[in-house]
1. Could you tell me how many of the residues in the stretch 29-47 are under 27 Å from residue 106 (Cα atoms) and either at pLDDT below 90 or not aliphatic (A, V, I, L, M) (or both)?
2. Which residue out of 94, 103 is at negative phi, in contact with an Asp or Glu (Cβ under 6 Å, 6 or more places away or on another chain) and among the acidic types (Asp, Glu)?
3. Which members of the stretch 75-88 meet the condition of being of a type in the set (A, V, I, L, M) and either in a helix (DSSP H, G or I) or exposed (fewer than 13 other Cβ atoms within 10 Å of the Cβ) (or both)?
4. Is it the case that some residue within the stretch 106-122 is modelled with pLDDT of 95 or more, under 17 Å from residue 47 (Cα atoms) and either under 14 Å from the mean Cα position of the chain (by Cα) or loosely packed, with under 13 Cβ neighbours inside 10 Å (or both)?
5. Among the residues of the stretch 29-50, write down those that are exposed (fewer than 14 other Cβ atoms within 10 Å of the Cβ) and not small (Gly, Ala, Ser).
6. Give all pairs with beta carbons closer than 7 Å in which a residue from the stretch 36-53 that is within 19 Å of residue 80 (Cβ to Cβ) and not assigned by TED's automatic domain parsing to the domain that holds residue 13 meets a residue that is in a strand (DSSP E or B) and among the polar types (S, T, N, Q); count only pairs at least 6 apart in sequence or on separate chains.
Amino acid sequence: MTKICPSCYAVCIDQRWIFDESLRQKTMKKNGWEKHLCPGCERVVKGKVDGVVYLRGDFLRAHREEAKNLIRSVAEKKLRKNIAARIAHIEEKDDEIIIETTDRALAERLGKEFERAYSGHLDIQWQHGSDFARVYWTRNE
């Protein structure tokens, strides 16, 4: 039976989740489908966090919108490759953005893309014995 995620509208065909708007619309017109959370939305609902990214520094004050655009862009690219890779939560402070991700590789990718785009200092710490990463990126003007 075909499944459609009621949260992000991904479609599951042959046990593989994909984003395909035309397929979703065709499927919804037929009988024989059910609502079911995709792996990414399920991880967000359950609070399954495998990475935390700390973006810090004076640079963020002056370039907040650029930073948020980069976060969105990286998350969208990663999501196309891995349906379970999501940003679960973002907290913004004056000179800090904290991002919780459902995927360790997404957390790492965010840190690496910030270092590539804006220089700064990157530190990635992996938790031994688990699939969890803390990523610290810092840049002061």
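The values are calculated or read from the model by the stated rules, or taken from the named source; none is laboratory data. Model, not experiment: these values are computed from the prediction. Here Cβ is always computed from backbone atoms with ideal geometry, including for glycine, and neighbour counts include all displayed protein chains.
1. So the count comes out to 10.
2. Working: 94 fails: in contact with an Asp or Glu (Cβ under 6 Å, 6 or more places away or on another chain).
After ruling out the rest, the residue left standing is 103.
3. The answer is 75, 79.
4. Yes; the residues of the stretch 106-122 include at least one that is modelled with pLDDT of 95 or more, under 17 Å from residue 47 (Cα atoms) and either under 14 Å from the mean Cα position of the chain (by Cα) or loosely packed, with under 13 Cβ neighbours inside 10 Å (or both).
5. Listed by number, the residues that qualify are 29, 30, 31, 34, 35, 45, 46.
6. 50/101; 51/101
To keep it simple, each residue is scored yes or no on (1) among the acidic types (Asp, Glu); (2) in contact with a helix residue (DSSP H, G or I) (Cβ under 6 Å, 6 or more places away or on another chain).
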{"site": "56", "(1), (2)": "no, no"}
{"site": "71", "(1), (2)": "no, no"}
{"site": "78", "(1), (2)": "no, yes"}
{"site": "82", "(1), (2)": "no, no"}
{"site": "92", "(1), (2)": "yes, no"}
{"site": "96", "(1), (2)": "yes, no"}
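For every residue, the table says whether it meets (1) modelled with pLDDT of 95 or more; (2) among the polar types (S, T, N, Q); (3) more than 13 Å from residue 3 (Cβ to Cβ); (4) buried (at least 17 other Cβ atoms within 10 Å of the Cβ).
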site	(1), (2), (3), (4)
17	no, no, no, yes
27	no, yes, no, yes
52	yes, no, yes, yes
56	yes, no, yes, yes
59	no, no, yes, yes
